[in-house]
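Asks: Quick one: this structure, given as structure tokens, is what I'll be asking you about.
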Amino acid sequence: MNDFSATTSLMHGIQQLLRRNFVLTLTVGYFIVMSALLPAFASSRNLANLSSNFWPLLSLVIGQLLVMIVGGIDLSQSSIMALASVCGASLMCQSADPVVFAKAPLWNIVFSEQGGFLAGSVFAVSAAVAVMLTVGILVGFFNGFAVAYLKMPPFIVTLVSMMFFSGAAIYLTASENITHLPTSFTAIAQKRVLLPIPVWIVAASAIVVHIILQHTAFGKKLYAVGLNAKAALISGINVPMVTLTAFTLSGFFAALGSVIYSARLEGGRPTLGQDLLLDVIGAAVIGGISLFGGRGRVRDACAGALFFTLLANSLNLMNLSFFIVNIVKGGVILLAAAVDAWRVGKSGGMSKR
Amino acid sequence: MSRKLEISKSFRIDVTALFTRCMPTSIFIIVFLLFGLTSPRFLQPESLLNIAKQASYIGIAALGMTLVLITGGVDLSLGSTVYLSTIVAGLLMRDYGLSPVAASFVCLLAGAGIGGFNAFFITRLKILPFVVTLATMIAGRGLGLLLTKSRALEFPAAILKVGAFKLFGFLPLPILLFALSATAIQLFLSRIPLGRHYYAVGFNAENARRAGLPVDRIIASAYVLCGICASLGGLVAVTQLGIVNAGFGKGDEFDAIAAAVLGGAALSGGVGSAFPGTVIGALMIRMIWSGLVSAKINLYFQPMIFAVILFLAVMLDTRRNMIIARQRRKIISLRKDKQT
Amino acid sequence: MTPLISIRNIDKSFFGAPALRSVSFDIIPNRILGLIGENGAGKSTLMNILCGELQPDSGELYFRGRPFRLEGPAAAAEAGIALIHQELNLFNNLSIADNLFLSRYPRRGPWIDKGAMHDKALQLLHQVGLDLPPNWLLERLRPGERQLVEICKALHADAELVIFDEPTTSLTAAEKERLFQVIDGLKQRGKTIIYISHDLDEVMRLCDDIVVLRDGRMVDFGAASEFTLQRMIASMCGCELEYLFPIRQGTPQAQVLLEVRHLSAEGLVEDVSFEIRKGEILGLFGLMGSGRTELARLLFGLEPFDSGRIVFNGRILEQPSPRRCIELGMAFVTENRREEGLLIDGTVQDNLVLATLNRFVDFARFLDAEKMASESEAQVRQLNLRCTSLKQIVKSLSGGNQQKVVLGKWLLARPLLFILDEPTRGIDVGAKYEVYSLINHLADEGAGILMISSELEELTALCDRLLVIHRGEIIKSFTKDQFDAEKILEAAFHL
């Protein structure tokens, strides 16, 4: 009898754990299983690799989270990354091949054989990073303006800006990668201050966003707009401004991701992040962020991004082809979404916030 | 006198309704004239026929997308469906000597299968269409690349001969198939109960369920039909190209969505038509691309202009809907009182 | 006479909370059965069982003496039961004819027989006196006309039993009359009707039998002729509520709080002038679409106005926004709380603090969680809001408690002026009384109140003054000693 009640309470405890931290539990379980199956998985080299994939992705997912909370979606993050990468790299590169770039519109205006406009300057890297982040903010602002003030559907707006700005990134550089970036820039991804620099940057952003969402009036307003924009408006919330801010922040975090990726890849790539849309949406879905708006936390974004990084990494270690990796990724997203739908249905639509 | 008042008011509403319906067409005419004025060669019959021919592939696929959009969903896997279904047919022909007719049939079947796969996850497991079809898009292309080992797949030469067929000596096969599918889908949407049910489900699925409609089956049929349309579009393209390379169909779901939206369909569901709607939308997209090419615009610059045009069209459409909604509210409030 | 449907010992509970407990009664053919009860008494659950949406946990249903089960709305339609929901089950993007025949189109082969559909639609519409072209899009119809379309659907399905769930909440008086005639017509054609309403006068007038539910039990049953208003109310709340309305004791102060001069907005209102004093309850009466809701939205900055002047508490409002209005001390309770009033998937506390978020911010711009909880808790207690905790999702509250959440949200902002648009719509008698008392109390404390309602009774009981609006113009004003239902109605109908 006693035994029975102990078992049930244990079961209940596990149930609670699964309901509240389902994805995190899953991620830990997956990590343990994979470490047992693949010896290379838990090696320090692979862990470093995991970390270098995880943090920039998390930056993007946090941006996506903010947009999703207000009930939107941002398909343009990948194009923001590409454009920011190209703009930043062309400004600070130390030399460029005239044969390759002769036809690029930016040639001889922003950068030339002797490198970018800022090349050699003390402020080259910081100014270029500032430009990259500004590009992200501007594109995000444009998306937000079209959605919030022109009342256009977010899907179409960000689809169009994906087309336009990835087109722009390719156009500006005539579809070539810009290399020869200053080492002080590539150091962003390669140097460590106790921990790798991206960890500091993104973890700090995640904590700030978490605090904003849970402990400030602005956070509550974001959720309110996502739950019911009309009621939020009548309750005195500046709905367009809140929406605009969410999209702008998404652009900012995409650009932040771009800084880290560009530093790691040591170049400005007009095609940067082209296949990342799936990873970002996938991580958001796996984390349990609602595409209807009003539901999702930073820790969901973390859990989703972490799981997705582990998954992709373990598939790579298994030496599977790129194609099979994609098939499995697609399958896992479907599975995660199905489990989430089932779980939310089970708990009677309880709010997860 | 009050009767007269009523008539004049109902007439006023009808004018706005007419304008609503004609919006895609009027944008179409404006774009057409714009390109016509900049390069007169553009207006010649051959070049127009050419545009229609080139529009056929994306147009047929966009017809399927329109069905899905009307039910309030979206199919991002359309491009991968095009790719996967055509290479299944191509491989069967190349490796197993299947006849082109049988292979075409298998191609459509594969399209229906992928649509059914999407439908299963959407209706049975209640996952958002956006998420399901995004996953299918990635996984489907992965599977296709796996099957072809990411090499281009050549089709038998006979296919190109079929593709060169012209009805009455002037109507090319793609246009013929496009016209036939557009007619069939439009009749389906306006004259078959299932087609009307799409609009009901897209307006409010819960209401439709309460009205006793089998909502899940209705939604599922839209994705299956969309899959079939996508693979038919793929077949049409193959008859023109004779070859399927690794990037075939990639990103075409966005062109299909653009065509449907330019044709007046809404992502929120419940609105849209095959003809004139999506047909006009597909022609417009093709026309813009050809116009950009004939205007000798920088290759890398073209997608940007295309994006701007799409943005402006959607913006105009949004504005217009807001104005109509505003106007309608006022008219109704006047009409209401007249009665009493 | 065999009953059309016998309900025997039906039980139903949700997540352990009983909604129906051993309910049994008969539905006699060719009679109108009134079903009344407070919100949460189990009316909707019972009706959802009758139309196949829900399955009972135990108990039986008999159809003409034979046991039967209803699985799904389609089965109920098959059995000849039609439910006309409070929120109409129609599609604005389709034509009237499409709406009528959606689940059973007249066909020729696989095709819809457009000609037959048109003729049949005209005929059905004529039966309810709605002579409109069947190819009109539904969105062009007024709420009352849409109600009639819904009835046509029931006619077309040749339903034996037609259930009306709160059909008159959004109708004008004339449309109500028309609806009653149609219901009488249905009865004369041998149909059976269940009529659910909060409007007890309507029930008295229309019904042959009355069933009263309370807390999931049937507590009273009888012929309508045996019932009085007092008996209905007593059975519904299980107590003797002597008055429907609290007595208003306070009187308006002299200071003018809101002054509106020559306000015009094209197509909405024209040359509207009035003022509200501190401590005054000003009623605004008008038919649906007379511009009464539009006027409220204009005052709260939700619609722009073309000309005129609004002076609130000594300040001129130039093109106000809701945010500005709230800052200055206005509150707006909208007529549809689900769509515009509440974060329906949010918690009670989220909703309560929504309009005053900036007040809970500390010096470092962080929200003070304790202060939010304690002030919310105080509101819950003050309003007698029944919820399990501040974290309960608003969706799972009853209509009356949801309305209290909306009111609580505004009370936290301590406004000077309340604009209340249909504050008692769709809530039960007990909760209504509480809302009335609250309004009285607020006025006594010096707040100004603009109350919009389609229930003339509550306006005359509560208000100090009453304005009648018609086609966007204020056409008459009544002081308390001039209140006369007939005269006010005459003005509203512009006779």
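The values are calculated or read from the model by the stated rules, or taken from the named source; none is laboratory data. Quick caveat: nothing in here was measured; it's all calculated off a predicted structure. When we count neighbours, we look across all protein chains shown, and the Cβ atoms used for this are built from the backbone with ideal geometry, even at glycine. Side chains are part of the model used for accessible areas, which takes the heavy atoms of the whole protein and leaves out ligands, DNA and RNA. Shrake-Rupley method; radii C 1.70, N 1.55, O 1.52, S 1.80 Å.
Asks: Which three semi-axes in whole Å describe the equivalent ellipsoid of chain C, each the square root of 5 times a Cα gyration tensor eigenvalue, listed largest first?
Replies: Each semi-axis is the square root of five times an eigenvalue, giving 40, 28, 23 Å.
Asks: Let me ask something else about it. Under the rule a/c < 1.5 gives rounded, and otherwise a/b versus b/c splits prolate from oblate, where does region A:24-176 land using the Cα gyration tensor?
Replies: oblate
Asks: Then there is this: If you take every DSSP beta bridge whose two residues both sit in the protein assembly as shown, what share of them, in percent to the nearest 5, is antiparallel?
Replies: Values: 54 of 89 bridges.
Percent antiparallel among DSSP bridges in the protein assembly as shown is about 60.
Asks: Would you please classify the overall shape of region B:180-337 from the alpha carbon gyration tensor, given that a ≥ b ≥ c denote the square roots of the eigenvalues, rounded means a/c under 1.5, and beyond that prolate means a/b larger than b/c while oblate covers the rest?
Replies: Oblate shape, in that a/c is at least 1.5 and b/c is the bigger or equal ratio.
Asks: From other protein chains only, count the Cβ atoms within 10 Å of every residue's Cβ in B:124-132, then give the mean.
Replies: The mean count of partner-chain Cβ atoms within 10 Å per residue comes to 6.
Asks: Computed FRET efficiency, Cβ-Cβ of B:Leu34 and B:Tyr96, R0 60 Å: what is it to the nearest 0.05?
Replies: After rounding, the FRET efficiency stands at 0.75.
Asks: Quote the FRET efficiency, to the nearest 0.05, computed for A:Ala40 versus B:Ala295 with a Förster distance R0 of 45 Å and r equal to the Cβ-Cβ distance.
Replies: For R0 = 45 Å, the calculated efficiency reads 0.25.
Asks: Note down the magnitude of the dipole of the protein assembly as shown about its Cα centre, charges +1 on Lys and Arg C-beta and -1 on Asp and Glu C-beta and zero elsewhere, to the nearest 20 debye. Working shown, then result.
Replies: On the way: 107 positive and 92 negative charges, 506 e Å.
Magnitude of the dipole: close to 2440 debye.
Asks: May I pose another question? Determine the alpha carbon to alpha carbon distance for each of A:Lys230/C:Lys278; C:Lys12/C:Lys187; A:Lys151/C:Lys409; A:Lys220/C:Lys395; C:Lys43/C:Lys432; C:Lys187/C:Lys487 and list only those over 21 Å.
Replies: As for pairs spanning more than 21 Å Cα to Cα, those are A:Lys230/C:Lys278; C:Lys12/C:Lys187; A:Lys151/C:Lys409; C:Lys187/C:Lys487.
Asks: Still on this structure, please answer the following. Report the local net charge at C:Met236: Lys and Arg +1, Asp and Glu -1, summed over other residues whose C-beta lies under 9 Å from its C-beta. Kindly include the intermediate steps, with their values, before the conclusion.
Replies: Working: positive: C:Arg214; negative: C:Glu38, C:Asp220, C:Asp428.
Charge balance in the 9 Å sphere: -2.
Asks: Give me the percent relative contact order of region C:378-480, please, defined on Cα pairs under 8 angstrom at least 6 residues apart. Walk me through the intermediate numbers first.
Replies: On the way: 91 pairs, mean separation 21.1, N = 103.
After rounding, I find 20 percent.
Asks: Continuing with the same structure: I'd like the mean, over residues of C:318-328, of how many other protein chain beta carbons sit within 10 Å of each residue's own Cβ. Write down the numbers at each step before the final one.
Replies: Values: counts 0, 0, 0, 3, 8, 7, 1, 2, 4, 1, 0.
Taking all residues of C:318-328 together, the mean is 2.
Asks: Helix A:322-346 versus the longest principal axis of chain A: what is the Cα-based angle in degrees, 0 to 90, to the nearest 10?
Replies: 40
Asks: Now for a different question. Normalised by the residues of chain C, what does the relative contact order come to in percent, with Cα pairs under 8 Å and at least six apart? Kindly include the intermediate steps, with their values, before the conclusion.
Replies: Values: 948 pairs, mean separation 75.6, N = 495.
15 percent.
Asks: Can you compute 3J(HN,Hα) from phi for each residue in region A:130-135, using the Karplus curve 6.51 cos²θ - 1.76 cosθ + 1.60 with θ = phi - 60°, rounded to whole Hz and x for Gly and Pro?
Replies: 4, 4, 4, 5, 5, 4
Asks: Computed FRET efficiency, Cβ-Cβ of C:Leu244 and C:Phe363, R0 60 Å: what is it to the nearest 0.05?
Replies: 0.75
Asks: Right, next: Which peptide among B:88-98, C:222-232, C:396-406 comes first, and what is the full order, when sorted by highest mean count of other Cβ atoms within 10 Å?
Replies: C:396-406, B:88-98, C:222-232
Asks: Rounded, prolate or oblate for region C:243-356? Axes are the square roots of the Cα gyration tensor eigenvalues, ordered a ≥ b ≥ c, and the cut-off for rounded is a/c under 1.5.
Replies: Here region C:243-356 falls in the rounded category.
Asks: Provide the solvent-accessible area of B:Arg209, counting protein heavy atoms only and rolling a 1.4 Å probe, rounded to the nearest 10 Å².
Replies: 90
Asks: Per residue and in Å³, how big is the convex hull formed by the alpha-carbon atoms of region A:38-111?
Replies: Measuring per residue, one finds 175 Å³ for the Cα hull of region A:38-111.
Asks: Which is farthest toward the positive dipole end of the protein assembly as shown among C:Leu412, C:Leu90, B:Leu180, measuring Cα position about the Cα centre, with Cβ charges +1 (Lys, Arg) and -1 (Asp, Glu)?
Replies: B:Leu180
Asks: Something else now. In nanometres, what is the gap between the two model label sites at A:Gln114 and C:Gln253, each 7 Å from Cα along Cα-to-Cβ?
Replies: Once both label points are built, they end up 7.6 nm from each other.
Asks: Return the average number of partner chain Cβ atoms within 10 angstrom of each residue Cβ along peptide B:315-325. Working shown, then result.
Replies: Details: counts 7, 0, 2, 7, 3, 0, 1, 2, 0, 0, 1.
For peptide B:315-325, the averaged partner shielding equals 2.
Asks: Here is a further query. Rank B:Phe170, B:Pro156, B:Ala135 by how far each Cα sits towards the positive end of the charge dipole of region B:123-179 (+1 on Lys, Arg Cβ; -1 on Asp, Glu Cβ) and give me just the farthest.
Replies: B:Ala135
Asks: Which whole-number percentage describes the relative contact order of region C:159-281, with Cα contacts under 8 Å and a sequence gap of 6 or more? Could the numbers behind the result be given before it?
Replies: Details: 136 pairs, mean separation 18.7, N = 123.
Relative contact order of region C:159-281: 15 percent.
Asks: Show me, bin by bin at 10 Å from 0, the whole-percent P(r) of region C:165-288 based on Cα pairs.
Replies: In whole percents, the pair-distance histogram is 10, 26, 25, 21, 15, 3, 0.
Asks: Show that you can apply the helix-only estimate: for chain B, add -39,500 (n - 2.57) for every DSSP H stretch of four or more residues, divide by all residues, and state [θ] at 222 nm to the nearest 500.
Replies: That calculation yields -26000 deg cm²/dmol at 222 nm.
Asks: Between C:Ile276, C:Pro29, C:Gly222, whose Cα lies farthest towards the positive end of the dipole of chain C when Lys and Arg beta carbons carry +1 and Asp and Glu beta carbons carry -1, centred on the Cα centre?
Replies: Highest projection toward the positive end goes to C:Pro29.
Asks: Follow-up question, since we're still on this one. Could you work out the helix-only [θ] at 222 nm for chain C, with each DSSP H run of four or more residues adding -39,500 (n - 2.57) and the total divided by the number of residues, to the nearest 500 deg cm²/dmol?
Replies: -9500 deg cm²/dmol
Asks: Compute the helix-to-body angle for B:302-339: its Cα long axis versus the longest principal axis of chain B, expressed 0 to 90° and rounded to tens.
Replies: It is inclined by approximately 30 degrees.
Asks: Per-residue ellipticity at 222 nm for chain A, helices alone: DSSP H runs ≥ 4 residues times -39500 (n - 2.57), over residue total, nearest 500 deg cm²/dmol?
Replies: Values: 14 runs with 255 residues, N = 353.
Helices in chain A give a 222 nm mean residue ellipticity of -24500 deg cm²/dmol.
Asks: Then there is this: Find the percent of Cα-Cα distances in region B:143-182 that exceed 14 Å, and round it to a whole number.
Replies: Summing the P(r) tail past 14 Å for region B:143-182 gives 62 percent.
Asks: Using the per-residue mean of other Cβ atoms lying within 10 Å as a proxy for protection, in what order, highest first, do the peptides B:125-137, C:306-318 fall?
Replies: Final packing ranking: B:125-137, C:306-318.
Asks: Continuing with the same structure: Cβ neighbours within 10 Å, averaged per peptide: list A:133-142, A:99-108, C:75-84 in order, most packed at the top.
Replies: The densest-packed peptide leads the list: A:133-142, C:75-84, A:99-108.
Asks: Between 0 and 90 degrees, rounded to the nearest ten: what's the tilt of helix C:114-127 against the longest Cα principal axis of chain C?
Replies: The helix C:114-127 is inclined about 70 degrees to chain C.
Asks: Report the semi-axes of the equivalent ellipsoid for the protein assembly as shown in whole Å, largest first, where each axis is √(5λ) for an eigenvalue λ of the Cα gyration tensor.
Replies: Calculated on Cα positions only, the semi-axes equal 54, 37, 32 Å.
Asks: Under a Cβ-only charge scheme (Lys and Arg +1, Asp and Glu -1), can you give me the dipole magnitude of chain B about the Cα centre, in debye to the nearest 20?
Replies: Charge dipole of chain B: 1280 debye, to the nearest 20.
Asks: Next question. Relative to the Cα centre, what is the charge dipole magnitude of region B:186-308, using +1 at the beta carbon of each Lys and Arg, -1 at the beta carbon of each Asp and Glu, and rounding to the nearest 20 debye?
Replies: Dipole about the Cα centre, nearest 20: 220 debye.
Asks: Please report, to one decimal in angstroms, the Kirkwood hydrodynamic radius of chain A built from all distinct Cα-Cα pairs.
Replies: For chain A, the Kirkwood estimate is 21.4 Å.
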